[in-house]
Amino acid sequence: MKRRLFKLMVAAGAVAMVCACGDDAASNNATNPNAGNDPGTGVVGNPSSSSGVIDPFNPGSSASVNPGSSGMVNPGSSANPDIPTSSSALPGSSDSVIPGSSADVEPVVSSSSVNTEPELDANGFPTIESYGPPPSEYTKDISATAKRGWNTRYWDACKPHCSWFAESENDKTRAGMTSNEAYQSTFGTARNCNIHDVEVPTFTLGNVSKSWFGYEGTRSACGDEKEKGVFTCTDMAPIAVNDTLAYAYVAGTADSKCGKCYHLQYDGHFKDEFENNPPKATHKALKGKHLVVMASNIGGDVAGGNDKLPAGQFDLMVPGGGVGAFDALSTQVNKGAGFNWGAGFGGFLTECQKNTNCGTEGSLDCYQTCVKDMCDAAFADAGLPNLLRGCHWFADWYMAADNPTYYIEEVECPQYLIDHYSSRINTTNETNIKKVTDWSTYKEGDVLDTLHCWKAGEAPAEDGWQNPSAGCENP
């Protein structure tokens, strides 16, 4: 069954950023929406916030997005939504567009495809080895032509920004719902999982009434739902392809676009270096490595470019990178009130930079050992092995580098990132899945409840009379 679902997902992908919380002062909030339902508009959303900070419980804030209204797939769905498309922008200020990028360019599937009968992992995905050798463009030298940017880091475990669908034509970041083609052109909505790391719908039918028919995004664990809500799926943690190439997900700037991919080539420097604050051993050890990332979150606080680093900031999703302002990780991995999750913005590494640990001028080995010890304390017995893997990746592959800089260019997305990004449940812009308020009891293999509903004027005729109102059979 898992293999069949995966093949369906790959086929759909072929046809076709929640709270981003880093350790940088410019990156301490982001987008993590929890949408409400406005029966009067036919669009799912929440009132706007007057604050410039993105509020995950109020996705309509000035720097954030509202989980929109519209629909998706479940075989046999009869629902049909209305919502807009996304356009793409690259991280950075308006004068810092990365070469080769375009607001109108749609993501393209990488030429690196999976084997016909790949070996599947525990989650039903092909193993990383099954995808074959990566394209050479992912490791080519781009230092002569590309602009520079920098990474911060976070893992708040909230429902990703890109798991919500676009709420209106003004939302140019997320999957558009005006048509199935628009929805699939950006690889649909990003997967989300329940507290047990089981994938669940990204959106369902809303509370259909006589005057309203629409869809609602499944609610984020960063809202009041807590353990009943949805989280980032843990297999979106970074993974090494080899010693010099890895894949990961990021939160981009407010003008970024969900589903876009970028090649980062690390240059051995870091954001806040100056004459008396040169690169550390960690930055030098990362130099020359390549990371291909996909935008799965959008953060209004993620910084645009500046004179020295015109490509701006990406907030790297890495377990142990900091729970940020809207922490769902401590709900998912319940270690008790006194557990040390490190700095809210900066996580384990920032904790290791304290003088009681390694200090700010510590050795590479000290930082790696300190971070991995904190990884083990947090995740070794959590029953979520991807979190431990991703946390160790930060120490071992990423060299525990703090806010490193890189050269950046837009690239076609690796199939691995597409597969772990695209919802395997909501594969189109329609759904007939019944709304659920508590996802914590959903288990792998459970059947999702569905309803047969219709928009106003589309009710099935009975004895020659057609009900003019929206409604559902046996709601």
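Considering each of 445, 390, 457, 383 in turn, give the residue that is open to solvent by 30 Å² or more (accessible area, probe 1.4 Å), small (Gly, Ala, Ser) and within 29 Å of residue 186 (Cα to Cα).
Every option except 445 fails the conditions.
Which condition breaks for residue 211 when tested against (1) assigned to a loop (DSSP other than H, G, I, E, B); (2) in contact with a helix residue (DSSP H, G or I) (Cβ under 7 Å, 6 or more places away or on another chain); (3) open to solvent by 30 Å² or more (accessible area, probe 1.4 Å)?
(2)
So, of the residues in region 332-363 that are closer than 15 Å to residue 403 by Cα and hydrophobic (A, V, I, L, M, F, W, C), which turns out to be most open to solvent (accessible area, probe 1.4 Å)?
The qualifying residue most open to solvent (accessible area, probe 1.4 Å) is 345.
Go through 200, 208 for me and flag whichever is of a type in the set (A, V, I, L, M) and under 16 Å from the mean Cα position of the chain (by Cα).
Result of the check over 200, 208: 200.
Of the conditions (1) within 19 Å of residue 442 (Cα to Cα); (2) at pLDDT 95 or above; (3) assigned to a loop (DSSP other than H, G, I, E, B); (4) not polar (S, T, N, Q), residue 224 clears all except one; give me its number.
(2)
Criterion first (modelled with pLDDT of 95 or more and over 29 Å from residue 265 (Cα atoms)) does residue 155 satisfy it?
Taking the combined requirement at face value, the residue does not satisfy it.
Please go through region 310-331 and give me each residue that is open to solvent by 20 Å² or more (accessible area, probe 1.4 Å) and not in a loop (DSSP other than H, G, I, E, B), ordered by number.
Scanning region 310-331 gives 330, 331.
Just for region 181-197: of the residues that are at pLDDT 95 or above and under 14 Å from residue 420 (Cα atoms), which one is farthest from the chain's Cα centre (by Cα)?
Restricting to residues being at pLDDT 95 or above and under 14 Å from residue 420 (Cα atoms), the top hit is 197.
Only one of these conditions is not met by residue 170: (1) of a type outside the set (Ser, Thr, Tyr); (2) open to solvent by 10 Å² or more (accessible area, probe 1.4 Å); (3) closer than 29 Å to residue 430 by Cα; (4) in contact with a helix residue (DSSP H, G or I) (Cβ under 8 Å, 6 or more places away or on another chain). Which number is it?
(4)
In region 388-426, which residues are in a loop (DSSP other than H, G, I, E, B) and at negative phi?
Within region 388-426, 397, 398, 401, 402, 412, 414, 423, 424, 425, 426 qualify.
Provide a single number: the residues in region 407-418 that are crowded, with 22+ Cβ neighbours inside 10 Å and over 21 Å from the mean Cα position of the chain (by Cα).
Here the count works out to 0.
The values are calculated or read from the model by the stated rules, or taken from the named source; none is laboratory data. Model, not experiment: these values are computed from the prediction. Quick reminder, even Gly has a Cβ in these numbers, built from the backbone with ideal geometry, and neighbours come from all protein chains shown. To get the accessible areas, we keep the full protein, side chains included, count just its heavy atoms, and leave off ligands, DNA and RNA. Shrake-Rupley method; radii C 1.70, N 1.55, O 1.52, S 1.80 Å.
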